[in-house]
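The values are calculated or read from the model by the stated rules, or taken from the named source; none is laboratory data. Just so you know, these numbers come straight off a predicted model, no measurement behind them. Positions of Cβ are generated from backbone atoms using ideal geometry, with glycine treated the same way; all protein chains shown enter the neighbour counts.
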Amino acid sequence: MPAEEPGQEFRARAQQRRSDQDRTLLAMRQLETALASAAPRREQAWRADVRAALDVLAETAASEARNAELPDSLLSDIARSQPWLRNRTRGLRLHYRQLQDTIASLRDEFSESGDAQVDFADLRQRLSSVLSGLRHQQARESDLIYEAYYDAFGSDIALDAGNPPGWPEADADGRWKTTLASVQARCPGCWAGRGRRCRTGPARRGRPGSR
């Protein structure tokens, strides 16, 4: 049985965590779409769409938070193995609970208001604040995971996973499609140390107008 590559288990857990975040992000986008739709003269339809999207977001965010609390989760592993990051891990979990409480409060408010007139501008502002908080939370968690990996293995988790940061996705014609071979060819210096970033950086090479 071949030996496990250093950091492989960490990257697998990070990918699972990213999948949780992606589900929450999709629910956030659905809520944004509902909030941005016209409200005047179609109040009931607007309320129904927003409430449905908010319910989905509440479920996905709660699932993401529960998974983060599991003993075998990535955040739990970071807190155990890298105690200097424990306070940041605790802070992330606390913020998750606060966001969940806010979402639950807004859902209750929707239920209690019944057919009463709704201040659309106020609700949009308050829910936009929740969405902003969720994005900030995910960014803080991404920073923590990156730093924990770099501290443990001395390399860039995205590069080790074959997904260098800063490179464009393939467009409809397949141009700029990033593969491991193309990255190595365009920026061999970055790969000489398996994740050590060169001064130029992979994001600057191989693009139109670069020198």
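For the range 135-163, a residue qualifies if it is touching a Phe, Trp or Tyr at 6+ places or on another chain (Cβ under 9 Å), outside any helix (DSSP H, G or I) and aliphatic (A, V, I, L, M), but none of them does. Going by the structure shown, is Ala65 on the phi < 0 side of the Ramachandran plot, touching a residue at least 24 places away in the same chain (Cβ under 8 Å) and part of a helix (DSSP H, G or I)? Here the answer is yes, as Ala65 does meet what is asked. Set side by side, the residues Asp20, Asp77, Asp49 differ, and just one is buried (at least 16 other Cβ atoms within 10 Å of the Cβ), under 30 Å from Asp119 (Cβ atoms), among the acidic types (Asp, Glu) and in the same structural domain as Leu131 (by TED's automatic domain parsing), which is Asp49.
Right, Gln100: modelled with pLDDT under 95, under 15 Å from the mean Cα position of the chain (by Cα), of a type outside the set (A, V, I, L, M, F, W, C) and surrounded by 15 or more Cβ atoms within 10 Å (Cβ to Cβ) or not? So Gln100 does not fit the description; no.
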